[in-house]
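S.K.: For reference, the structure I am asking about is given below.
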Amino acid sequence: MIDVNQVNEKEGSITFVLNNFNFFTKDNLIILSFIKGNTIFLLEKTSDLKLRFIRGFLTSNTIVSEIDLKDFYKFHPKELFIALTWSPKEQAIYVGYTKNLIKGHSYQTSNIIFRKSRNGDVFRIETRGFQIGAYFIMNNGNVILEPTAKEIFDFHMERVKILLENCKKENFLFETTIAQQIIVMLVTAFEVYSRMRFLELEKEGKLPNIEELFKRFISTKYREVEIKQIRERAQRENKSELEVFVERRYINFQNWDDFKDAYNKGYNLRIGDINISSQIITEIKKFLKWRHKIIHANKDLTIIDYDNNNPIFTTKELAEKGLEIFKKFIDEFHKETLQL
């Protein structure tokens with residue numbers, strides 16, 4: 001029996017011996033399973049005779065360490081010694097006999113993910129030979145599980161890739177139309193990610209500085225009244241003050257200064273501390289501006305801007321550049337939020 005309270009979520013080891021266990025059936029068997037914090041620990045035997053130590057995270061990809069039980073078939077062991085180890089740098093599974101252990105191989109995968117629903121249940125979602133674009137689980141008409149902010153962003157990027165792959169250059173009007181729509185999609189994905197991730201951080205246990213957010217985003221003239229309304233609604237609807245604050249759209253996540261200040265004031269996350277070049281940030285700002293021009297244009301935007309008096313055309317190449325820039329920025333930004 002494992003005392004979960006004694007398990008260190010970040011680093012540790014578990015060793016035990018399985019006695020009189022039939023390792024060579026074709027059944028899928030769960031040998032060990034528990035949750036500590038935001039980490040799921042799972043040891044299972046698969047139908048293809050793999051022993052897999054799975055460490056799943058509710059906010060990122062899963063790490064798997066596995067070993068082929070067929071390596072032990074000729075011995076027909078009645079018992080096996082098993083050791084599971086993990087740390088921020090490495091994860092491993094060792095199987096065999098006390099003096100003769102075999103180490104399995106480890107890898108990170110996005111094909112197995114664990115997510116916690118709104119009612120607290122943990123779901124395992126595994127893809128086998130197919131791709132999941134998005135997932136939703138409903139109970140009595142209510143959504144209890146939906147994709148994370150990063151998963152939704154990545155899904156939007158896949159949609160953009162499909163448009164680019166099918167964008168032919170024979171018709172320039174078609175090309176520039178698709179390019180403009182892609183710019184709108186990229187900025188929308190940026191906004192949706194930024195807003196959802198802002199709320200996810202609170203659910204992951206990071207306490208936002210709500211008072212600083214009130215000061216930054218609510219004008220002094222109406223602040224006292226609006227803060228009272230936010231708190232009353234939060235209590236009435238059983239929501240956090242941050243949830244109500246974000247729902248009331250005080251923050252425009254399509255505006256760079258709003259985005260930057262929201263994470264700075266709310267979670268002390270400074271954009272300048274992220275491992276991303278100032279050039280990429282400059283380009284992000286351009287695309288945010290271009291999206292606004294496209295949405296509110298009253299004229300043709302085949303030429304969307306000028307760079308040192310040189311026209312910038314809305315072409316497939318510009319859309320491809322936008323995809324690369326937004327992916328780089330959000331990937332690095334998301335990594336930084338995981339360290340908060």
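Each value in this text was obtained by applying a stated rule to the coordinates, not by laboratory testing. Predicted model only: the values in this text are computed from it and were never measured. When we count neighbours, we look across all protein chains shown, and the Cβ atoms used for this are built from the backbone with ideal geometry, even at glycine.
S.K.: Using C-alpha positions alone, give me the convex hull volume of region 4-109 per residue in cubic angstrom.
M.R.: Looking at region 4-109, the number lands at 103 Å³ per residue.
S.K.: I need the Kirkwood Rh of the chain: take the reciprocal of the average 1/r across all distinct C-alpha pairs and report it in angstrom.
M.R.: For the chain, inverting the mean 1/r across all distinct Cα pairs yields 23.6 Å.
S.K.: Let me ask something else about it. Could you give each residue of region 267-283 its phi-based ³J(HN,Hα) in whole Hz, using Karplus coefficients 6.51, -1.76, 1.60 with θ = phi - 60°, and x for Gly or Pro?
M.R.: Karplus-based 3J(HN,Hα) across region 267-283 equals 10, 6, 9, 9, 4, x, 8, 7, 6, 8, 6, 5, 5, 5, 4, 4, 5 Hz.
S.K.: Count charges around Glu212 for me, please; just the other residues with Cβ under 11 Å from its Cβ, Lys/Arg as +1, Asp/Glu as -1.
M.R.: For residues surrounding Glu212, the net value is +1.
S.K.: Determine the relative contact order of region 4-109: mean sequence separation of Cα pairs under 8 Å and six or more apart, normalised by residue count, in whole percent.
M.R.: It rounds to 26 percent for region 4-109.
S.K.: Ratio to report: Rg/Rh of region 164-241, with Cα atoms as the point set and Rh obtained by the Kirkwood method; give two decimals.
M.R.: 1.25
S.K.: Taking the beta-carbon count within 10 Å as an exposure proxy, list Thr148, Thr177, Thr314 from fewest neighbours to most.
M.R.: Thr177, Thr148, Thr314
S.K.: Around Ile31, which amide H atoms from residues at least 5 apart in sequence, or from another chain, sit under 5 Å from its own amide H, with H modelled in the peptide plane?
M.R.: Excluding prolines and chain starts, which carry no amide H, the hits are Leu43, Glu44, Lys45.
S.K.: What order do you get for Arg195, Arg231 when you list them from fewest to most C-beta neighbours inside 10 Å?
M.R.: Result, fewest neighbours first: Arg231, Arg195.
S.K.: Mind listing the Cα extents of region 83-175 along all three principal axes, in Å, largest one first?
M.R.: 71, 42, 25
S.K.: A follow-up question, please. What angle, in degrees between 0 and 90 and rounded to the nearest 10, separates the Cα long axis of helix 149-165 from the longest principal axis of the Cα atoms of the chain?
M.R.: 70
S.K.: Amide H neighbours of Gln91 under 5 Å, at least 5 residues apart or on other chains, H built in the peptide plane: list them.
M.R.: Close amide H contacts, sequence-distant or interchain: none at all.
S.K.: Among rounded, prolate and oblate, which fits region 226-340 when a ≥ b ≥ c are the square roots of the eigenvalues of its C-alpha gyration tensor, a/c under 1.5 means rounded, and a/b larger than b/c means prolate?
M.R.: oblate
S.K.: Just from its helices, what would the mean residue ellipticity at 222 nm be for the chain, if runs of 4 or more DSSP H residues each count -39500 (n - 2.57) and the sum is divided by every residue, rounded to the nearest 500 deg cm²/dmol?
M.R.: So the helix-based figure for the chain works out to -13000 deg cm²/dmol.
S.K.: Suppose a student asked you for the relative contact order of the chain, using Cα pairs under 8 Å spaced at least 6 residues apart; what percent would you report?
M.R.: This gives 12 percent for the chain.
S.K.: Another question, if that's okay. As a quick test, which of the pairs Lys150/Lys221; Lys10/Lys321; Lys10/Lys116; Lys260/Lys293; Lys289/Lys321; Lys169/Lys321 have an alpha carbon distance above 26 angstrom in this structure?
M.R.: Listed pairs above 26 Å: Lys150/Lys221; Lys10/Lys321.
S.K.: To the nearest 0.05, how large is the calculated FRET efficiency for Tyr306 and Phe57 if R₀ is 51 Å and r is the Cβ-Cβ distance?
M.R.: So the FRET efficiency works out to roughly 0.65.
S.K.: By how many degrees, 0 to 90 and rounded to 10, does the Cα axis of helix 223-236 deviate from the longest principal axis of the chain?
M.R.: 40
S.K.: From the phi of every residue in region 284-298, what ³J(HN,Hα) in whole Hz does the Karplus formula 6.51 cos²θ - 1.76 cosθ + 1.60 yield, where θ is phi - 60° and glycine or proline is x?
M.R.: Computed from phi, the couplings for region 284-298 are 4, 4, 4, 5, 4, 5, 5, 4, 4, 5, 5, 5, 9, 6, 10 Hz.
S.K.: Let me ask something else about it. Starting from the amide H of Leu269, placed 1.01 Å from N in the peptide plane, find each other amide H under 5 Å away whose residue is 5 or more places distant or on another chain.
M.R.: Asn264
S.K.: Rank these for me by crowding, Met157, Met196, going from fewest to most other beta carbons within 10 Å.
M.R.: With the fewest neighbours first, Met157, Met196 line up as Met157, Met196.
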